[in-house]
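K.L.:
Before I ask anything, here is the structure I am working with.
None of the figures in this text is laboratory data; all of them are computed from the coordinates on show. Remember, it's a predicted structure, so these values are computed and weren't measured experimentally. Cβ atoms come from the backbone with ideal geometry, glycine included; neighbour counts cover every protein chain shown.
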Amino acid sequence: MVKRRVYDTHKHIHFVTFSCYKRRKHSQHDQAKRIVIGTMGSRLAVQKGLCPGFVIMHDHVHALVWFPEPRQVSPFMNKWKELTSKTLKSVLRERFPNYWSQIDSSEPIWQSRYYGFNIWSRAKVEEKLDDMHLNPVRAGLVQRANHWPWSSAR
């Protein structure tokens, strides 16, 4: 297996994306999306980070994150995914038993890795924001990006 490199030695904005295990739609319920957003916010506060933009889809997440110190992206991502996994499993099992009964409870919520890259310019930040905000439009969930309530485009 090729070892993935994370370049996190400078204070750049990072584009990160991660998916539900087997592309399951674990975030199709609004409460699940609230958990993902709320956990992101609390982890950013702990690590003094900022999020210039995000979108939570039914089966994946995109975000732009920035930290005032280097080497913060991987710890942030690991903790964000860990905490949301625990909470989502509990909520899905208790609140959405019909959905949860179709899932092997030993499966993880998220794919084990995340994809990320450094953003070096304001133009690239704008490009990634536009692209991620259009995800719900391309998926046919809304007509306009700012109609999706689970995104910074609102």
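K.L.:
What nm value, rounded to one decimal, do you get for the distance between Arg93 and Asn78 when each label is placed 7 Å out toward the C-beta?
P.N.:
Here the modelled spin labels are 2.4 nm apart.
K.L.:
How high is the relative contact order of the range 72-154, in percent, counting Cα pairs under 8 Å that sit 6 or more residues apart?
P.N.:
15 percent
K.L.:
Let me ask you something else. Would you kindly derive the ³J(HN,Hα) couplings of the range 135-147 from the backbone phi angles with the Karplus curve 6.51 cos²θ - 1.76 cosθ + 1.60 (θ = phi - 60°), listing them in order in whole Hz, with x for Gly and Pro?
P.N.:
3, x, 5, 4, 7, x, 7, 8, 8, 10, 4, 6, 8
K.L.:
Match the structure shown to one of the listed values (1) 45, 36, 33; (2) 48, 32, 29; (3) 102, 33, 24 of Cα extents along the principal axes in Å, computed from it, and give that label.
P.N.:
So the calculated entry is the one marked (1).
K.L.:
Rank-order 142-150, 24-32 by packing density, defined as the average count of other C-beta atoms within 10 Å over each peptide's residues, highest first.
P.N.:
Listed from highest to lowest mean packing, they are 24-32, 142-150.
K.L.:
Where nothing but the Cβ of Lys and Arg (+1) and of Asp and Glu (-1) is charged, how large is the charge dipole of the range 13-141 around its Cα centre, in debye to the nearest 20? Write out the running numbers ahead of the final one.
P.N.:
Values: 20 positive and 11 negative charges, 49 e Å.
So the magnitude is around 240 debye.
K.L.:
Sticking with the crude label model, points 7 Å out along Cα→Cβ, report the distance from Leu141 to Ser101 in nm, one decimal please.
P.N.:
2.6 nm
K.L.:
Compute the relative contact order of the range 13-141 as a whole-number percentage, counting only Cα pairs closer than 8 Å that sit 6 or more residues apart in sequence. Numbers along the way, then the final one.
P.N.:
Working: 163 pairs, mean separation 48.3, N = 129.
The value is 37 percent.
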